[in-house]
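For reference, the structure I am asking about is given below.
The values are calculated or read from the model by the stated rules, or taken from the named source; none is laboratory data. Quick caveat: nothing in here was measured; it's all calculated off a predicted structure. Counting neighbours? That spans all protein chains shown, and the Cβs are built from the backbone with ideal geometry, glycine included. Areas reflect the complete protein model, heavy atoms only, side chains present, ligands, DNA and RNA absent. Shrake-Rupley method; radii C 1.70, N 1.55, O 1.52, S 1.80 Å.
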Amino acid sequence: GCSGESNFGYQTAQCPDSCERPKFEATCFFTSYMSRAPFFATLCLWVLQLVASAEQTCISDGTCGVEPVTRESLQGPGETGVDWLKYCQWEASMFVTEQGLKLLDIEGNRFWVEGGSEVFWRSYDMDKNRCKVFDVGGHHGHFTAAVEERYGCEVWVFEPFPEFQQHLRQRFADKPHIHVVPYGLDDRDGQITIYHKGDATTTSLSLADSTFTSSTTVQVRTVKTALLEAGLAEVDLMAINCEGCEYSLLHHMLTTEGLQTAFRQIQVQFHLSEFRHLFERCAMRAILSQTHGLVFDFMFSWEMWRRRW
């Protein structure tokens, strides 16, 4: 049996499979993503959920044989030639240790120590007054307003939640080069459910706690549809902060020919609400590294990738 404080559904304890199972999970996700075979990713989830329902899985209170964790290790590789399968297995093993979990908090704090959103402004490579930006998850429009003010970009701000749409339209009513798009971006053209309370929304049941008592059905479109409707073949920056949709959105982008390279810079905030998100994020980074280089990385806070040409 296992005991101790719960982390993402795992328990802190010394259990026989606490080191090996994360390696299996990482390998399963990595292989399915890199083969561009969504069916296998679904199969991985099904098998892992079946196993989880049959036995308790644990976080090791030891080291699982991985090297001591440093900030440099956390930043991860961003260049070609990396053995990404080995790296993802290592990362999975690292984060089933208490030390690794504590360092997740350190990474979030480091973003603010190094300047918060100032990290963005000193990192972007865009031509002023000519740049095109997709802001995915517009909320109240703070990012859209800031990038427009600093760079004069034409911005498409995607916001599926009706109350936020209304606020955005009012805020940018006198900005003809800011387009409020009344849908979200995801892996299909259709509808999804958003859970909300007050000013907070999420697309993930894992992120929605018991206080998220309201839900709304909203419209979503694929990135391909959004590009066609905007009349664009290339976008200078895609900023993604959609409270859980980033996994399905990026999986679709990274496994659909031509979509990955349509964006010169991809900035994303990954949310860690389920343990499998560690493996999904790593696999996505492996695919991104084939065409983009890592510019900055604050694990599960913000990271940005820039196309190599």
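Could you count how many residues in the stretch 300-309 are within 19 Å of Lys132 (Cα to Cα) and either open to solvent by 10 Å² or more (accessible area, probe 1.4 Å) or in a helix (DSSP H, G or I) (or both)?
4
Taking the stretch 232-270 on its own, how many of its residues are assigned to a loop (DSSP other than H, G, I, E, B) and of a type in the set (Gly, Ala, Ser)?
Total satisfying the criteria: 3.
Also, I was wondering about something else. Can you report the number of residues in the stretch 137-148 which are open to solvent by 10 Å² or more (accessible area, probe 1.4 Å) and either outside any loop (DSSP other than H, G, I, E, B) or closer than 12 Å to His177 by Cβ (or both)?
Of the residues in that region, 5 qualify.
Can you find a residue in the stretch 187-209 that is within 25 Å of Cys88 (Cα to Cα) and modelled with pLDDT of 85 or more?
yes
Suppose we keep only residues that are touching a helix residue (DSSP H, G or I) at 6+ places or on another chain (Cβ under 6 Å) and in a loop (DSSP other than H, G, I, E, B) within the stretch 277-299. Which one would you say is most open to solvent (accessible area, probe 1.4 Å)?
Across the stretch 277-299, the extreme among qualifying residues is Thr291.
Please pick out the residue among Arg188, Arg169 that is within 21 Å of Glu246 (Cα to Cα) and basic (Lys, Arg).
Going through Arg188, Arg169 in turn, just one is within 21 Å of Glu246 (Cα to Cα) and basic (Lys, Arg): Arg188.
Matching residues to (1) modelled with pLDDT of 65 or more; (2) assigned to a loop (DSSP other than H, G, I, E, B); (3) open to solvent by 20 Å² or more (accessible area, probe 1.4 Å); (4) within 17 Å of Phe270 (Cα to Cα):
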residue	(1), (2), (3), (4)
Cys64	no, yes, yes, no
Val82	no, yes, yes, no
Leu85	yes, no, yes, no
Trp112	yes, no, yes, yes
Gly115	yes, yes, yes, no
Tyr124	yes, yes, yes, no
Arg130	yes, yes, yes, no
Asp135	yes, no, no, yes
Arg150	yes, no, yes, no
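For Glu274, indicate whether it is outside any helix (DSSP H, G or I) and buried (at least 23 other Cβ atoms within 10 Å of the Cβ).
The answer is no for Glu274.
So which residues in the stretch 222-247 are open to solvent by 40 Å² or more (accessible area, probe 1.4 Å) and under 15 Å from the mean Cα position of the chain (by Cα), if there are any at all?
Asn241, Glu243, listed by residue number.
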